[in-house]
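Chemist: There's a structure below that I have some questions on.
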Amino acid sequence: MAGRDFTAEEREFLKSAGLDINQLEPLVADAPALPQDVLERIRTGARERAGMALEAEPAALPAARRRFRPWVAAAALLVIAGAVALSQSDGAMAAIQRLVRLVPGIGLTEADVGTLVMPSPVTVEQGGQRLTITGLISGSDGTELRYEIEGLPLEKQVSDVPGFPFRAALRLADGTELKELNAATGAGEGTISGIIWFAAPPHVTEAFTLSITPVDSSVAPFEVTIPVVDAAVAGLPEAVEGGWSAERLGIRIGVPYWTVQDDRIVLNLTVNAPQGIRFQEVGERIGENRLLPVLTDNLGRTYPLIEESSQLFKNSFEPVSLVFQGPIAPDADALRLQVPAVRVADTSAKAVRLSIPLNQLPLGEPLQLQKEIELGPYRFTVKEVTRLEDLAFRFDVDLGPEQDGTLLQEIKVSPSRPGSWGSTWIVDRQTLQTTSIEYYPDVLRRGRLDVQLSEPVLRLQGDWEVTIPLTSGSEDE
Amino acid sequence: MADLDEQTIHRQLLARDPAGLDALVDQLGHKVYRLVQLVLGGLGNQQDVEEVVSDALAAAWERASEFDPARSTLTNWVLMLAKYAALDRRRALRRQNLDAAGQAKVIPLEAAPEPAAAASEEEVLAEADQAAVHEALRSLPPAERELLVRRYFFEEPLAELARDLGLTRGALDTRLWRARQHLKQLLSEERGVRADGR
């Protein structure tokens, strides 16, 4: 079957070449085996989604990921603590705080005595390429290394190289090699950056050596020595407790930790939302009306957000973090973080079905519906539906105005009965609301277009405000 | 654990036997993972890939009754579920990838799979045509191969593809045309060789 929006020339090409686009197996015939820990996480995820009770304890997270588990615990503790007394630290909280430091290239993370960190980035050059180790942290729960390689040949990008372009080996000063556990990679024009997780070192070392062995000529061989020191003596800024906002639109925003380094103010941010509401993004950084977090002090001075250093999206590997340009004025008594908006998905809204006889949808002729839909508490209008091709339909929708700080920005169209489909969205640049959805079902049943509308994505404008008292020491670390 | 045949796995899925889901994870997990990586094309991170793989395998568990062995292999059916789950995730990730001006960042083409280990003669004979097409596809320069895979196997709209690659629509059309011509040429040579050999 040819694709839905292929041109006549493309259809002819597929036919003459004998390319069956539904045969996906040959594309992945060489897929390498997965590491056991990855396979177990997939198994756990699939079982959870299938509604199966886990038969055994969930597989342990890979060692390097455990570094982030204290964050989860800390955030949960803060939620509880926040409901009682937001600004009063108790002993337990102080104990947690002492573990969290701003690690270069890594961010605010657990870094207690015995944790080895790289004090500053290390760069080496080889063959016109530049490798920078941007961050390294190593402790009893694993080793995390972040890197960037620049100067790769543009005509043959790393991403064009079959498989991963190099093998990395991390050794201690005595030559002991750490087992590689996992890796995540991103590539851009002439650059590649990523994270590699290795096992915990069996003993303390003064330096690591990273060796990069190319498996393709696009990357130069590198060997770099990375000096490390104990986090407790590295002079790293220690994080202190921030605070929580009041609840608005069911959402509370918290700053579990924050710190300052040189002229930068670094905050970690967490969101406490009702069950079924999934946090996606803080603020609105695209479109014509940007809604970004603002940091001021009690005397009205503003500290600008440094967007390129901040992490505004929910990310699997690290908490949402905001970096502002300081320094904090010496006469300030408190900081005030204003978060004008967050984006969330409401997974609790029950899907709505829409069924249209195909005989009402002649090709290319819009069917005026003007049908008001209630999707959970959200209302919107399906204005018209057009059959573009046999298996291609366009839904023109009006997702409505903002009401009480809530703007419906997206909805999902999918088959009302299980089946495969595809879709693309057209978005209004100003409101970032979806205006049209093109929907491509694989099959149509009983002469009808049967779809369900679900998973509303919302921008909530709650103007949350978190007050962060500047206790002695916190503003001049 | 010895691999189970597809019929057995399908029966287990229909019987709601958790062993069927485990067999999918063990036997197809790596293939689904690879496909999802290809579809996401560098967007997102490993967690995204793993989540989509779990979604797809759970969907196969939920929808086992829809699988028709007469129309497809179980593996290909699961891969199709994964493809659409991954396309859905990619759309969400692409939105996150818009820059401050609302423009998509350029997402470079991802690597395509390298040639698989040589198949047995029987398998080659049984699937000669598709194998030849995929062999030719793998012989293309990586950038052309990726372009064809993204456009035809993953059915990416032209406008989206052009935006991702930082190309004008005209430039994309030209590149696609060249890639198609190149593939046709390779196929023509291959088929010529096969015809001569008969």
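Bear in mind these aren't lab numbers, they're just calculated from the coordinates by the rules spelled out. Small disclaimer: the values here were computed from a predicted structure and weren't measured. All Cβ positions, glycine included, derive from the backbone under ideal geometry; neighbour counts span all protein chains shown.
Chemist: Taking 30 Å as R0, compute the FRET efficiency from the Cβ-Cβ separation of residue A:217 and residue A:177 and round it to 0.05. Numbers along the way, then the final one.
Modeler: Numbers: r = 25 Å, r/R0 = 0.82.
Given R0 = 30 Å and the Cβ-Cβ separation, E is 0.75.
Chemist: Work out the P(r) tail for region B:26-99: percent of alpha carbon pairs separated by more than 15 Å, whole number.
Modeler: 50 percent
Chemist: Contour minus end-to-end for residue A:167 and residue A:383, with contour as 0.36 nm per residue of separation and end-to-end as the Cα-Cα distance?
Modeler: Taking 0.36 nm per residue and subtracting the Cα distance, the gain is 72.4 nm.
Chemist: Under a crude label model (7 Å from the Cα following the beta-carbon direction), how far is residue A:471 from residue A:302 in nanometres?
Modeler: Label at residue A:471, label at residue A:302, 3.0 nm between them.
Chemist: Sticking with this structure for a sec: Would you mind ranking A:192, A:133 by Cβ crowding within 10 Å, fewest neighbours first?
Modeler: Lowest count first: A:133, A:192.
Chemist: Skipping prolines and chain starts, which residues have an amide H placed within reach, meaning under 5 Å, of the one on residue A:111, given they are 5 or more residues away or on another chain?
Modeler: A:100, A:101
Chemist: What dipole magnitude, in Debye to the nearest 20, does region A:385-477 give about its Cα centre under +1 on Lys/Arg Cβ and -1 on Asp/Glu Cβ?
Modeler: Value, rounded to 20: 980 debye.
Chemist: Hey, another quick one. Per-residue Cβ counts within 10 Å, from other chains only, averaged over A:190-200: what number is that? Mind dumping the intermediate values first?
Modeler: Details: counts 1, 1, 1, 0, 2, 2, 0, 1, 0, 0, 0.
Rounded to a whole number, the mean comes out at 1.
Chemist: Along region A:303-308, what does the Karplus equation 6.51 cos²θ - 1.76 cosθ + 1.60 (θ = phi - 60°) give for ³J(HN,Hα), rounded to whole Hz, x for Gly and Pro?
Modeler: Karplus-based 3J(HN,Hα) across region A:303-308 equals 10, x, 6, 9, 4, 5 Hz.
Chemist: Considering every residue in B:63-72, what mean count of other chain Cβ atoms within 10 Å of its Cβ is obtained? Could the numbers behind the result be given before it?
Modeler: On the way: counts 4, 0, 1, 4, 0, 0, 0, 0, 1, 4.
If you average over the peptide's residues, the count of other-chain Cβ atoms is 1.
Chemist: Still on this structure, I have one more. For region A:300-355, just run the numbers: alpha carbon Rg, then divide by 2.2 N^0.38 Å, N being how many residues it has. Display every interim value, and only then the final one.
Modeler: Working: Rg = 18.0 Å, N = 56, 2.2 N^0.38 = 10.2 Å.
Compactness ratio reported: 1.77.
Chemist: Summarise the partner chain shielding of A:418-426 as one whole number: the mean count of Cβ atoms from other chains within 10 Å of each residue's Cβ.
Modeler: Average neighbour count from other chains, rounded to a whole number: 5.
Chemist: Now, a different point. In region B:48-91, if every C-alpha pair distance is counted and binned at 5 Å from zero, what percent goes to each bin?
Modeler: 6, 24, 32, 21, 11, 5, 0
Chemist: Quote the FRET efficiency, to the nearest 0.05, computed for residue B:188 versus residue B:68 with a Förster distance R0 of 35 Å and r equal to the Cβ-Cβ distance.
Modeler: So, using R0 = 35 Å, E works out to roughly 0.50.
Chemist: Next question. Any chance you could tell me what percent of the C-alpha pair distances in region A:391-477 go past 20 Å?
Modeler: 52 percent
Chemist: Between region A:339-393 and region B:136-155, what is the separation of their alpha carbon centroids in Å?
Modeler: 34 Å
Chemist: So for the pair residue A:444, residue A:289, with labels modelled 7 Å out along Cα→Cβ, what separation do we get in nm?
Modeler: 3.8 nm
Chemist: Rg and Dmax in Å for region A:171-311, alpha carbons only: what are they?
Modeler: 20.9, 57
Chemist: Which order do A:149, A:195 fall in if you start with the one that has the fewest other Cβ atoms within 10 Å?
Modeler: With the fewest neighbours first, A:149, A:195 line up as A:195, A:149.
Chemist: For the pairs A:314/A:412; B:31/B:184; A:15/B:31; A:412/B:31; A:350/B:83, note any where the Cα-Cα span goes beyond 23 Å.
Modeler: B:31/B:184; A:15/B:31; A:412/B:31; A:350/B:83
Chemist: Taking H placed 1.01 Å from N in the peptide plane, check which residues at least 5 places from residue A:310 or on another chain put their amide H under 5 Å from its amide H.
Modeler: The answer is A:323.
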